[in-house]
Amino acid sequence: MANSMVGANNLHYLAKNRDCNVPILSNISFDVPKGGICLIKGASGSGKSTLLSCVSGLLKPSSGDVYLNGESLYKLNDKERSVLIRDNVGFVFQDFKLIPSMSVLDNICLPSLIKSNLKKDETYSNAEKLMSKLGLSTLANARPQMLSGGEQQRVSILRSILKEPTLLCCDEPTGNLDVSKSEDVKEMLHRLSNQFQVTLLIVSHDNIFNDIASQKLNLVDGRLDPS
Ligand SMILES: Nc1ncnc2c1ncn2[C@@H]1O[C@H](COP(=O)(O)OP(=O)(O)OP(=O)(O)O)[C@@H](O)[C@H]1O
Ligand SMILES: [Mg+2]
């Protein structure tokens, strides 16, 4: 589809255990248009994080494929897939995955510096502007492990936004935030979709995203609930 940003076609993921394969995702097909906001819900253990990992190129599915901006993600070789992901996909991990030996500001800038030809000064100055919007300015030189869970979560969100992805995958992006900070994050994500046509895949138990979602997927034991 011309307007498709990301989708899956008959995706399966089997986890290999010693003596058997455990189905984690089965027969998943969906499509999200450019600028769409897709909200993924489901009970703990239903496969939400596994699905986001497959869709964003981090985990190879056992069968089926993922389409990203017209490319068949898992038909590309590893180098081509890495470049496509580097240039298009931002990811907010459920467990943040900040680098402990780097300052907060360096963590936020790293993916943008790897991706773009922007000058280092410009990247750092853009990062500082974003940090002030989410109340993180005073933490620029701290190490991530000194921050609260909510602060680390906001840092990981800024890291993903700064690199200006065309697809942003967010795994429980408000899981550690209070209502007011969650509203700030929601507003920021909504603006990315409205103004810059960034496509969002959001895994969340938080009802806060219900009113901005353009489509909803419900996972039940690794399958899409048709209701
Ligand atoms: N490599 C693996 N081997 C065996 N089981 C796995 C493997 N990876 C994931 N699982 C299982 O797959 C299921 C789905 O895990 P996943 O992390 O995707 O769930 P989730 O919906 O994100 O849960 P939560 O809401 O708690 O974050 C879980 O039962 C998990 O134990
Ligand atoms: Mg999860």
Residue among 44, 82, 49 that alone is of a type in the set (Gly, Ala, Ser) and in contact with a strand residue (DSSP E or B) (Cβ under 9 Å, 6 or more places away or on another chain): 49
Any chance residue 42 is within 16 Å of ligand 1 (Cβ to nearest atom) and closer than 30 Å to residue 144 by Cα: yes
Residue list for the stretch 17-40, filter: buried (at least 16 other Cβ atoms within 10 Å of the Cβ), out of contact with any Leu (no Cβ under 7 Å at 6 or more places or on another chain) and not aliphatic (A, V, I, L, M): 26, 31, 33, 34, 35, 36
Test: residue 182 is part of a helix (DSSP H, G or I), over 29 Å from residue 100 (Cα atoms), touching a residue at least 12 places away in the same chain (Cβ under 8 Å) and under 17 Å from the mean Cα position of the chain (by Cα): no
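Let's see how each residue does on (1) part of a helix (DSSP H, G or I); (2) surrounded by fewer than 17 Cβ atoms within 10 Å (Cβ to Cβ):
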| residue | (1), (2) |
| --- | --- |
| 142 | no, yes |
| 151 | yes, no |
| 156 | yes, no |
| 159 | yes, no |
| 165 | no, no |
| 177 | no, no |
Any hit, the stretch 64-74, residues being within 16 Å of ligand 1 (Cβ to nearest atom), in contact (Cβ under 8 Å) with a residue 40 or more places away in the chain, within 21 Å of residue 200 (Cβ to Cβ) and touching a Leu at 6+ places or on another chain (Cβ under 8 Å): yes
Options 112, 53, 44, 82; residue that is assigned to a loop (DSSP other than H, G, I, E, B) and among the polar types (S, T, N, Q): 44
Test: residue in the stretch 10-20 that is hydroxyl-bearing (Ser, Thr, Tyr), in contact with a Ser or Thr (Cβ under 8 Å, 6 or more places away or on another chain), at pLDDT 95 or above and farther than 24 Å from residue 211 by Cβ: yes
Residue, farthest from ligand 2 (Cβ to nearest atom), within the stretch 189-208, restricted to residues that are in a helix (DSSP H, G or I) and within 19 Å of residue 34 (Cβ to Cβ): 195
Residue in the stretch 49-63 that is farthest from ligand 2 (Cβ to nearest atom), counting only those that are surrounded by fewer than 18 Cβ atoms within 10 Å (Cβ to Cβ), over 23 Å from residue 96 (Cβ atoms) and of a type outside the set (Lys, Arg): 63
The stretch 30-49: number of residues that are under 17 Å from residue 14 (Cα atoms) and in contact (Cβ under 8 Å) with a residue 60 or more places away in the chain: 4
Number of the exception - residue 169 against (1) touching a helix residue (DSSP H, G or I) at 6+ places or on another chain (Cβ under 6 Å); (2) part of a helix (DSSP H, G or I): (2)
Of the criteria (1) among the small types (Gly, Ala, Ser); (2) surrounded by 18 or more Cβ atoms within 10 Å (Cβ to Cβ); (3) more than 18 Å from residue 130 (Cβ to Cβ), which one residue 214 fails: (2)
Any hit, the stretch 64-75, residues being under 18 Å from the mean Cα position of the chain (by Cα), part of a loop (DSSP other than H, G, I, E, B), more than 16 Å from ligand 2 (Cβ to nearest atom) and farther than 24 Å from residue 182 by Cα: yes
Filter pass, residue 22 being within 7 Å of ligand 1 (Cβ to nearest atom) and part of a strand (DSSP E or B): yes
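The values are calculated or read from the model by the stated rules, or taken from the named source; none is laboratory data. Predicted model only: the values in this text are computed from it and were never measured. Glycine also receives a Cβ, built like all others from the backbone with ideal geometry; neighbour counts cover every protein chain displayed.
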